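Report on the structure given below.
The values are calculated or read from the model by the stated rules, or taken from the named source; none is laboratory data. Remember, predicted model here, so these are calculated numbers, not experimental data. Every residue, glycine as well, gets a Cβ built from its backbone with ideal geometry; the counts of neighbours run over all protein chains shown.
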Amino acid sequence: MRRDLRAVALGLAVAACALIAYGCGNSDNGGGGGGGSTTAANTAAASSSGGGKVKTAIVLPCPRSDPWCAQGFAAAQQLASEGVIQLKVVDGAPQDNAGVAQVLGQLAQGGQQLILAHSTWQDPALETGKKFPKADLAFAGTGTTSENVATYDEPIYEPAYLAGMIAGGITKSNVIGGTAGQDVPLCHAELVAFEKGAKRTNPKIKMLSTYIGDWNDVAKGKSAATAQMDQKADVLISCGGAPANGMAQAIKGTKVSGFGYVGDMSAQAPENMAGSIIYNLYPYFKAMATDVKDGKYSPGKTYKFGLADDGVSLKQNPQFSAAKIPESISSEVEKVQQQIKDGSFKVPYVAGS
Amino acid sequence: MSTVAQPRTFASPLAGRHAQLRSIGSSLAAVILALILGGALMAIAGGDPISGYRAMIDGVFGTPYGMGQALILAAPLTIIGLGLALAFKGRVYNIGAEGQFLMGALGAGAVAIVVPIHAGALLVLLAILAGILAGVFWGGIVGVLRARFGVNEVITSLLLTYIAGFIFSWSIRDPFHAPGVSGLQGKAVPENTIFPTFTSLYVHPGVFAAIALVPIVAYLMARTPFGFRVRMLGLNADAAEVAGVPRGRMVVWLMVVSGGLAGLAGAIQIFGVADRLDPSISAGYGFTAIVVALLGRLRAFGVLLAALFFAVLQSGGQAMSVNEDLPYAIVLAIEGTFVVFLLIADRLARR
Amino acid sequence: MDWNEVIGPAAAVTLAGAGLQSAMPIAVAAVGECVAERSGVLNLGLEGMMLSGAFTSFLATYHTGSPVVGVLAGIGVGILLGAVMAFLSVTLKTEQIINGIAIVLFAQGITAFLFDDLFKGSQRPTIERLPDIKIPVLGSIDRVDSIVNQNWLFWISLAISIGVWLMLERTRFGLTIRAVGESPQAADSVAVDVARIRWFALLVCGAMAGLGGAVLVVGQLNLFDTNVTAGRGWIAIALVIFGRWKPPIILAGAFLFGFADALQFRVQAVSGGINSSVPYEFFQALPYLVTLIVMVTATIWARRDAQPAALGIPFRKGVGS
C-alpha cells in the first residue's frame, strides 16, 4: 500500500513540475491561462489578412499514396498553387468520430474558413459546424447538411457504366467481377452501373460481386479478386482503396483486365489496367472555395459534379493494348460519353434495397 | 499480475531511506526518459518538442471544452476497465470487451430506434438496459463455455469480438441503415434520447455515471463476499474451490459483469457521443481498457487514474497533431512509448 | 447456388492454393508465438512485430531491389522488437500484456508515419513480384499448379516453421524451453538460466513475426499499406491457444482459417453477391465461426488444459510464483 502511495505521489509531483514548467515557459507569450484562446486570437488576426485567399484545411484519413487521399490532396494543392486558397493539410486522422470532431474543432478554432473533412464524416462535421458557426465545413458522401456544412457527392457510377461497356466488349469468358469494401449505396450504384454497361455491349455477361468487409485490408482485397478470377471473371472493377489495390496486384501478370478506382491506377499494372474511373475533386473544392469567398456558402449544399462537369471521368490507359478493345466498342463508348455529357442519356442510379 | 511475497530484508533505517530515494529517483529518471523519447519522436516528425508538449497540455487543460473532451474519452475506458479489473482479478481474461461494447451499443441503439415510446427518459433507460443485457449475453457465452466446457476464454472472447463486429456491420448496412446516405452509416436515435451536455465542459451524464461506478466497484471488490471470492479465485483457484468458492459460477458471473459493463459503456456512447449507430463508435475502447485495467493494477481507483491518463494522452496527442502539423500516426508511437515508460517508472517506484 | 463452382474438385484445388497463401504469414508468426509462450512469456506485441517486419521488408526491397535483403531486414526488425519485449518483460519484469500492447501501438504509429513520410510523392509504390518456382510434375497439371507452384519465400517460411517446431518438440534445447515455461523454479534449480532462455525464445518469436510480415508483403501483396497486417497477429495468438501450444496443430489451424477465409469469398460470389439474400457479413464471419466451433468441440473432446503453467508470470529467482 505504501509503495502505491509513493507511486501516486511521484506521479503528482511530476504533474506539478510539468505545470510549473509550463507556466514559467509561457511568460514569453504574455501570461499563461487559456493558451487555446491565444492561438485562436493570433490566427484569427492572421486570417483576415489572407489577401483574398480562403484559409482552407483538408483532413486526410489515409496516406497520400492512397488514391482517395491522393486525389483530394492533388485538387487542394492545385487550388493552393492557383492562389485561390491558403492550404493546411492534416495527415492521418483518428479512427473515431469523437477524435475527428476534435480535429475539426481545433481547425475551426485556429481560424480556418473552409474545412474539408475528406471522408464520410457527417456527424463530426455537423457537430463542429454547430459549435463554430463562423467556419464552413464539407464532408464526403451524401447526407445531412446544415447552415455551414456542405457535402460532396461521388457520382462514380457514371464512368463505371462506361467501364462496363468496355468490359462487355473485351471479356472472353463473359464473366466479370466487382469487389467492394461493403455494400453501401455508393458501391452498390457503381457495381450495378458496371453490370448494366457491360450488358449493353454484351447481353451474355454474368457479374460476380464480393465484399471484403474492410476498407483497409489489401490482402483481403487481393484474395477476393483472386477468388473471382478463379471463378472465371476476366474483367474486374472495385470500390474502395484496399479492394482496388488488392485487385490491381491480383491481376498483374495475368490475362485478366481491370479498372482502377478514384485515381489513375494504371501504373500498378500497365498491361492489365484498361483504365480507371476517376474522381476529380478540383471542381468540387473550387466551387466550395468560391462560395466561401463570395459569402454564398450557406445553406450548405450537396455539391455534385458528374461526367458532364468533369467531376468524374473514365481515364483510359494508353498502354493497354488498343487492339484488345474492338473499334466498335470504343466508338460506342465515345458516343454514350457524349450523350451523358449533353444530358441525353442518364446512367441509371441504383442504390440498393 | 502475480502477487509475489517479497523476502524481508533487515537493514538499517538509513539504508531504507536511501533505497526509497533511489527508487523514486530511478522512476523519475524513467519519466524524464519517456519525455525525451517522446520529444525525439516529435522532432523526427518535423515538430518542435517543447511546443509539442505545450500543445498537448493546452489541448486538454487549456480550455474547459478540452477538459470535457478528455473526460468524455475517459468515461468508456473507465466503465469497461472496471469490469475488466474485476474479471482479471479473478483470472478470467476477458479479451472480448470490444465485442461486448459493440453489442451493447447495437442493443441500445436498436431499442431506441424501434420501440415506439415517446417519453425520452423512459426510452433511454429501457435502451440502456437492453445494451447492458446485450453485453451480458455476449460475455455470458464466453463464461459458460469456460465454466461448463473448459474452453479458454481468451480465444472465445476474441473470436466473438470479430463476430460481433460483423453483426454490427450488417445491422448498419441493412436494417438500420441511415436513409439517403451513400456511405456506411446507421440510423440516428430519436432526438429526445440524446444526452444533454452539462456545464461549460460539455460533458454528458455518462461521465458522471463512470465516476459514480468507481467507488461502487471498489466497495464490491474490497468489502463484499463476492469480491472476496473473486480475489481468492485469482490467488489460487484450486484452494478457493476447496474453500467452497463455486468456481464455475464465479467465472460466469465475472464474464457477465464485465460484459454488462462493456455493454453499458457502448450504450452510453450511443446516447452521449455518437447519437446514432455508427461504424466508428469505438476506437478500440475494449482493447485500450485492458491496458487501463492493468495499469490501474486491477483496482477501481487505479482504473480511473489510468483511464484519465490515457484520455489526456490521447486527447492531448490529437490536439498536438493538429496544432503542430504533425501526422496523427506519431501520436500512437508516442502513446506506446509513454505507456512502456510509465510501467517502468511504476515498477522502479515500487521496489 | 451452384456449389460445384465453390467446392467441386476443380474449385477445391484452387481454393486450397488460395488458403495456403492466406494462411502462411499467420502460420509463421503463430509458430514463433508458440515458442515464446512455451517459454512462459505472453507476447501480445506480435501484431506490431509483424507490421514492422512487413514495412521494413517492403522498404528494403523497394530501395535495394533485392527481396532477399528485404526479407532479412524484416526478420532483423522483428528480432529487434523481440529484444525490446524481452528487455521489458524478462529483464525489467514489467507487466507482459501491457508491454505487448504498447509495442503494437508504437509499431502502428511509426510504420504509418514513416510510410506516409517516405513515400509522400509517389503513387502507390510497389515492388516486383517473386517468381513462382515450378515443381516438375505436379506443377504442370492445370489447377494443381496453383497449390504447388509457390515462390521461394513460401517454401523457406514453411521450412523454418517446421524446423522451429522440431526444435521445440524434439530437441533437448526445446525441452529446456518448455521446462522454463512450465516451472521456471525447477529449471532454475538445475542451473538453467531462465532469463537467457526466455530472451532467446522472444528473439525467435520476433524473427518469425518479422518473417510473417515479410511473407505477406514481399511474397504476396507486393505493396504496403498502413496496417497491412490487419489484425493477423491477433489471429496468430488465438491460433496458438487453438493449437494447444503444439506447432503441428497450430499449422493445421492456420490452414483451416486460411481455407475458410478464401472459401467465403467464393461462397459470396456464388450466392449472388450483390443480390444475395443471405447477408454477406455472415460469410465474412465464417472463418471466425468455424475456428470457434472447432475450438469448442476440440476442447470438449480433449478435456485438458494445455496452457504452460508459468505463462505470463515474470520469474523472480528464489521466490515462489
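Things worth noting here:
- In the set (1) buried (at least 17 other Cβ atoms within 10 Å of the Cβ); (2) outside the structural domain of A:Thr210 (by TED's automatic domain parsing), A:Pro348 fails one condition alone, (1).
- Lone unmet requirement of (1) in a helix (DSSP H, G or I); (2) more than 10 Å from chain C (Cβ to nearest Cβ); (3) free of Cβ contacts under 8 Å to residues at least 12 places away in the same chain for B:Val144: (3)
- Criterion violated by A:Ile329 - all others in (1) touching a helix residue (DSSP H, G or I) at 6+ places or on another chain (Cβ under 6 Å); (2) in contact (Cβ under 8 Å) with a residue 24 or more places away in the chain; (3) within 14 Å of chain C (Cβ to nearest Cβ); (4) within 21 Å of A:Ala167 (Cα to Cα) satisfied: (3)
- The residues on offer are A:Lys252, A:Lys315, and the sole one that is within 14 Å of another protein chain (Cβ to nearest Cβ) and out of contact with any strand residue (DSSP E or B) (no Cβ under 7 Å at 6 or more places or on another chain) is A:Lys252.
- Unmet requirement for C:Val240, which otherwise passes all of (1) more than 22 Å from C:Ser66 (Cβ to Cβ); (2) of a type outside the set (D, E, K, R); (3) in contact with a Phe, Trp or Tyr (Cβ under 8 Å, 6 or more places away or on another chain); (4) in contact (Cβ under 8 Å) with a residue 60 or more places away in the chain: (3)
- Flag if B:Trp138 is buried (at least 23 other Cβ atoms within 10 Å of the Cβ) and assigned to a helix (DSSP H, G or I): yes
- When C:Ala102 is tested against the conditions (1) at the interface with another protein chain (Cβ under 8 Å from one of its Cβ atoms); (2) out of contact with any Lys or Arg (no Cβ under 9 Å at 6 or more places or on another chain); (3) under 27 Å from C:Gln264 (Cβ atoms), the lone failure is (3).
- When the range B:30-65 is limited to residues that are free of Cβ contacts under 8 Å to residues at least 12 places away in the same chain and more than 10 Å from every other protein chain (Cβ to nearest Cβ), the one that is nearest to C:Phe106 (Cα to Cα) turns out to be B:Ala40.
- Assessment of the range C:281-293 against the conditions (polar (S, T, N, Q), assigned to a helix (DSSP H, G or I), facing another protein chain (nearest Cβ under 7 Å) and more than 16 Å from the chain's Cα centre (by Cα)) yields at least one matching residue.
- Selected residue [touching a residue at least 60 places away in the same chain (Cβ under 8 Å), away from chain A (no Cβ under 12 Å) and within 27 Å of B:Ile290 (Cα to Cα)] from B:Gly104, B:Gly120: B:Gly104
- Given (1) farther than 20 Å from B:Asp278 by Cβ; (2) modelled with pLDDT under 90; (3) assigned to a helix (DSSP H, G or I); (4) within 14 Å of chain B (Cβ to nearest Cβ), index of the condition A:Gly99 fails: (1)
- The criterion of at least 2 residues that are under 27 Å from C:Ile141 (Cβ atoms) is met by the following helices (runs of 4 or more DSSP H) wholly inside the range C:1-99: C:4-7, C:9-38.
- When the range A:96-118 is limited to residues that are of a type in the set (S, T, N, Q) and touching a helix residue (DSSP H, G or I) at 6+ places or on another chain (Cβ under 6 Å), the one that is farthest from A:Gly263 (Cα to Cα) turns out to be A:Gln109.
- Filter result (closer than 30 Å to B:Gly46 by Cβ and either surrounded by fewer than 16 Cβ atoms within 10 Å (Cβ to Cβ) or modelled with pLDDT under 75 (or both)) within the range C:116-144: C:Leu118, C:Lys120, C:Gly121, C:Ser122, C:Gln123
- Verdict on B:Val257 being at negative phi and at pLDDT 90 or above: yes
- Selection status of B:Gly81, surrounded by 21 or more Cβ atoms within 10 Å (Cβ to Cβ) and in contact with a Gly (Cβ under 7 Å, 6 or more places away or on another chain): yes
- Scanning the range B:160-174 for residues that are without any contact (Cβ under 8 Å) to a residue 12 or more places away in the chain and more than 10 Å from chain A (Cβ to nearest Cβ) yields nothing.
- Qualifying residue in the range B:309-330 (condition: touching a residue at least 40 places away in the same chain (Cβ under 8 Å) and more than 25 Å from A:Asn97 (Cβ to Cβ)): no
- Tally, over the range A:66-108, of residues that are polar (S, T, N, Q) and surrounded by 23 or more Cβ atoms within 10 Å (Cβ to Cβ): 3
- Filtered residues of the range C:260-275 (kept if touching a residue at least 24 places away in the same chain (Cβ under 8 Å) and closer than 17 Å to A:Lys232 by Cα): C:Ala262, C:Leu263, C:Arg266, C:Val267, C:Val270, C:Ser271, C:Gly272
- Some residue of the range A:211-227 being under 29 Å from A:Gln338 (Cβ atoms) and within 11 Å of another protein chain (Cβ to nearest Cβ): no
- Filtered residues of the range C:121-147 (kept if touching a residue at least 24 places away in the same chain (Cβ under 8 Å) and of a type in the set (Val, Ile, Thr)): C:Thr126, C:Ile127, C:Val144, C:Ile147
- Only residues that are in a helix (DSSP H, G or I), of a type in the set (Lys, Arg) and touching a Ser or Thr at 6+ places or on another chain (Cβ under 6 Å) were counted in the range B:324-351, giving 1.
- Selection within the range B:156-203 - on the phi < 0 side of the Ramachandran plot and aromatic (Phe, Trp, Tyr): B:Tyr162, B:Phe166, B:Phe168, B:Trp170, B:Phe176, B:Phe195, B:Phe198
- Screening the range A:230-245 for residues that are more than 19 Å from A:Gln71 (Cβ to Cβ) and crowded, with 24+ Cβ neighbours inside 10 Å and picking the one that is farthest from the other protein chains (Cβ to nearest Cβ) gives A:Val235.
- Within the option set A:Ala180, A:Ala117, A:Ala163, A:Ala140, being in contact with a strand residue (DSSP E or B) (Cβ under 9 Å, 6 or more places away or on another chain) and either more than 13 Å from chain B (Cβ to nearest Cβ) or surrounded by fewer than 23 Cβ atoms within 10 Å (Cβ to Cβ) (or both) holds for one residue only, A:Ala163.
- Conditions (1) assigned to a strand (DSSP E or B); (2) away from chain C (no Cβ under 14 Å); (3) aliphatic (A, V, I, L, M): number failed by A:Ile278: (2)
- Answer residue from the range B:1-28, given it is surrounded by 12 or more Cβ atoms within 10 Å (Cβ to Cβ) and in contact with a helix residue (DSSP H, G or I) (Cβ under 8 Å, 6 or more places away or on another chain) and is modelled with the lowest pLDDT among those: B:Met1
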